[in-house]
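The values are calculated or read from the model by the stated rules, or taken from the named source; none is laboratory data. Only a predicted model underlies this, so the values are computations on that prediction, with no experimental measurement involved. Counting neighbours? That spans all protein chains shown, and the Cβs are built from the backbone with ideal geometry, glycine included.
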Ligand code: SF4
């Protein structure tokens, strides 16, 4: 029977030959990822109540990223608990203050095609960029996984999103996703599996593919898969992992797909999402213009090395506008190191950008860079829900790192293309 | 192919059957309607008293143990808060039946020990109809209208979990059994 990639991974994890959408199966979990906010402090009481141990400490990754670095006694206590719990439970794969979980996980070579992975965070679909079936679960689910090494899943339908054509200069994966949020809506994924295909995706770097998969969460999907290829294998090898047989994990062409959406990447112009939903997206030429107080480049979605390169191309030789601040929180310590080595950080800081620690930071209002009442921000993060980045009346636009950087230069939500050599219009 | 053969074996007693009166709601009942954000910080009992209040203020005070909540499309869409399912369970709801569910709510409901069934014919049910729900068979009997609706059955391993009261009590029971077996050996 022809199977989609999602079905193949779930079938393997369930110890089955094939599975069908809608049936409920129990799967062996290959890897479980937790962070400091939703992880140890939430699962510890359940494990204690059950008197249970972690089923396989080798298969658990813990990352501290939400409350780092501690800004008050409460966040310090959460980090302290996280460190003590991981030590007591023999979790060797504990990445403490090394960056945001969804970026650290592949960076350390933990992901490869075909794995069935659960993550204690809503942006867990990011792992799908590596051909894993990775999805987010709550604390009760996670505790169950930690005790048994298993979880149940209702086999999803697969929705194909075929993206073809060359992205113009000044455009990125973020623009594709914001366009999709407006087009199919935040419920468009219907908690099914999205699979991104097409020539545009094939030409994207792994970091850009991660942005597509990451924001499958904003499309309401359970997972956001991309089939592995040479780009995938090369990334994993460089990260010190073993990619395995990448070509073994592909969907069958004649498998049943619930729907296929087509995106013409060549026709896209830079997108921004107006407050307060990613689905309020449209061309910056229509929605731009509002004066901003802050420009923020951060989060798992928008502060990887590729994202910093985009920002640096716009900022080179320019300055942040008076009355505007540009804050940059690189997604991981390795991102910071690489950006320091290749001169990107110097370009950004010379332009007036302020460098923040690697972590979730202001993305969900946890760390440095939150907004005051009535302030306006443009951000490279994934969500602009009311009050998420600070005060209730603050307003957040979403855009690509190109667009955020251009807006920082102008002091208003701006089209980045005029700042790029040879860019239109 | 059936999921029943996948994992574990049916225990027989894990039927999860429910009989009661139907409370019918429309499409897109979200987690804010089920577990209003306003009461999220207070005690859970207080939150449950306001469950579905925004669409039917008579529900929380009037629902009787075993009653069936009937939804349209996307029942439980919205946030991942487990309290949405927990509130219905706390009020004694015997099962939730809907044309479709928000994916995370569906997971949470079963993990919290609440039967959730997908039924394409849910729209045929009217308020106060007398229902009997059999999640093992995947069948709803509408005694008032003398109709039977097929729905997606729950596989045995999930039924057992639901009947045990949800994932955590289920694991608690399983672990106690293993400990007993170990002791007997
Ligand atoms: S950076 Fe933002 S979106 Fe990413 S995991 Fe942290 S809080 Fe979530």
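Looking only at the stretch A:77-87, decide whether some residue is within 14 Å of chain B (Cβ to nearest Cβ), modelled with pLDDT of 95 or more and surrounded by fewer than 24 Cβ atoms within 10 Å (Cβ to Cβ). Quick ask: steps written out before the conclusion?
First, the residues of the stretch A:77-87 that are within 14 Å of chain B (Cβ to nearest Cβ): none.
No, there is no match, as no residue in the stretch A:77-87 is within 14 Å of chain B (Cβ to nearest Cβ), modelled with pLDDT of 95 or more and surrounded by fewer than 24 Cβ atoms within 10 Å (Cβ to Cβ).
Within the stretch B:105-115, is there a residue that is without any contact (Cβ under 8 Å) to a residue 40 or more places away in the chain and over 16 Å from residue B:133 (Cβ atoms)? Step through it out loud before you land on a result.
Start the filter on the stretch B:105-115 by keeping residues that are without any contact (Cβ under 8 Å) to a residue 40 or more places away in the chain, which leaves B:106-109.
Checking the rest, the ones that are also over 16 Å from residue B:133 (Cβ atoms) come to B:107-108.
Yes: the stretch B:105-115 contains one or more residues that are without any contact (Cβ under 8 Å) to a residue 40 or more places away in the chain and over 16 Å from residue B:133 (Cβ atoms).
The set of residues from the stretch A:277-324 being crowded, with 24+ Cβ neighbours inside 10 Å, within 16 Å of the ligand (Cβ to nearest atom) and part of a helix (DSSP H, G or I) comprises A:299, A:300, A:301, A:302, A:307, A:308. Would you call residue A:148 closer than 30 Å to residue A:75 by Cα, at pLDDT below 95 and more than 16 Å from the ligand (Cβ to nearest atom)? Taking the combined requirement at face value, the residue does not satisfy it. Among the residues examined, residue A:327 does not qualify as part of a helix (DSSP H, G or I) and within 16 Å of the ligand (Cβ to nearest atom). For the stretch A:111-140, the set of residues classified as more than 15 Å from the ligand (Cβ to nearest atom) and either over 22 Å from the mean Cα position of the chain (by Cα) or surrounded by fewer than 24 Cβ atoms within 10 Å (Cβ to Cβ) (or both) consists of A:114, A:115, A:116, A:139, A:140, listed by residue number.
Mind checking which residues of the stretch B:74-116 are under 10 Å from the mean Cα position of the chain (by Cα), within 10 Å of chain A (Cβ to nearest Cβ) and not in a helix (DSSP H, G or I)? Hit for the stretch B:74-116 is B:112, nothing else.
Any chance you could count how many residues in the stretch A:363-385 are over 20 Å from residue A:177 (Cβ atoms), within 16 Å of the ligand (Cβ to nearest atom) and in a loop (DSSP other than H, G, I, E, B)? Spell out the reasoning first.
First, the residues of the stretch A:363-385 that are over 20 Å from residue A:177 (Cβ atoms): A:365-376.
Right, trim to within 16 Å of the ligand (Cβ to nearest atom) and you get A:365-371.
Among the residues that remain, those that are also in a loop (DSSP other than H, G, I, E, B) are: A:365-370.
Within the stretch A:363-385, residues that are over 20 Å from residue A:177 (Cβ atoms), within 16 Å of the ligand (Cβ to nearest atom) and in a loop (DSSP other than H, G, I, E, B) number 6.
Restricted to strands (runs of 3 or more DSSP E) entirely inside the stretch B:125-185, those with at least 1 residues that are more than 10 Å from every other protein chain (Cβ to nearest Cβ) and under 16 Å from the mean Cα position of the chain (by Cα) are B:130-134, B:139-142.
Kindly indicate whether any position in the stretch A:397-419 is in a loop (DSSP other than H, G, I, E, B), out of contact with any strand residue (DSSP E or B) (no Cβ under 8 Å at 6 or more places or on another chain) and over 16 Å from residue A:170 (Cα atoms). Among the residues of the stretch A:397-419, not one is in a loop (DSSP other than H, G, I, E, B), out of contact with any strand residue (DSSP E or B) (no Cβ under 8 Å at 6 or more places or on another chain) and over 16 Å from residue A:170 (Cα atoms), which makes the answer no. Taking residues in the stretch A:48-67 that are within 14 Å of chain B (Cβ to nearest Cβ) and within 16 Å of the ligand (Cβ to nearest atom), and partners anywhere that are assigned to a strand (DSSP E or B) and modelled with pLDDT under 95, not one pair has Cβ atoms closer than 8 Å while being at least 6 places apart or on different chains.
Assess whether residue A:347 counts as being assigned to a helix (DSSP H, G or I), modelled with pLDDT of 95 or more and either on the phi > 0 side of the Ramachandran plot or buried (at least 23 other Cβ atoms within 10 Å of the Cβ) (or both). No; evaluated as a whole, the condition is false for this residue.
Which residue, of A:91, A:100, is within 16 Å of the ligand (Cβ to nearest atom) and at pLDDT 95 or above?
That would be A:100, the only listed residue that is within 16 Å of the ligand (Cβ to nearest atom) and at pLDDT 95 or above.
Within the stretch A:71-88, being under 22 Å from residue A:122 (Cα atoms) and within 16 Å of the ligand (Cβ to nearest atom) holds for A:75, A:78, A:79, A:82.
The criterion of being over 26 Å from residue B:106 (Cβ atoms), more than 14 Å from chain B (Cβ to nearest Cβ) and part of a helix (DSSP H, G or I) holds for residue A:200. For the stretch A:213-245, filtered to residues that are surrounded by fewer than 17 Cβ atoms within 10 Å (Cβ to Cβ) and outside any helix (DSSP H, G or I), the residue that is nearest to the ligand (Cβ to nearest atom) is A:240. Restricting attention to the stretch B:1-32 and to residues that are surrounded by fewer than 20 Cβ atoms within 10 Å (Cβ to Cβ) and assigned to a helix (DSSP H, G or I), the residue that is modelled with the lowest pLDDT turns out to be B:5.
Of all residues in the stretch A:141-177, those being surrounded by fewer than 22 Cβ atoms within 10 Å (Cβ to Cβ) and more than 14 Å from chain B (Cβ to nearest Cβ) number 8.
Yes or no: residue A:419 more than 15 Å from the ligand (Cβ to nearest atom), surrounded by fewer than 24 Cβ atoms within 10 Å (Cβ to Cβ) and within 30 Å of residue A:267 (Cα to Cα)?
Details: more than 15 Å from the ligand (Cβ to nearest atom): yes; surrounded by fewer than 24 Cβ atoms within 10 Å (Cβ to Cβ): yes; within 30 Å of residue A:267 (Cα to Cα): yes.
In short, yes.
Could you pull out the residue among B:98, B:87, B:122 that is out of contact with any helix residue (DSSP H, G or I) (no Cβ under 9 Å at 6 or more places or on another chain) and more than 21 Å from residue B:171 (Cα to Cα)? Don't jump to the end; show me each part of the working.
Numbers: B:98 fails: out of contact with any helix residue (DSSP H, G or I) (no Cβ under 9 Å at 6 or more places or on another chain); B:87 fails: out of contact with any helix residue (DSSP H, G or I) (no Cβ under 9 Å at 6 or more places or on another chain).
None of the others qualify; the one that does is B:122.
Tallying residues that are within 14 Å of chain B (Cβ to nearest Cβ), out of contact with any strand residue (DSSP E or B) (no Cβ under 9 Å at 6 or more places or on another chain) and farther than 18 Å from residue B:158 by Cα within the stretch A:1-36 yields 4.
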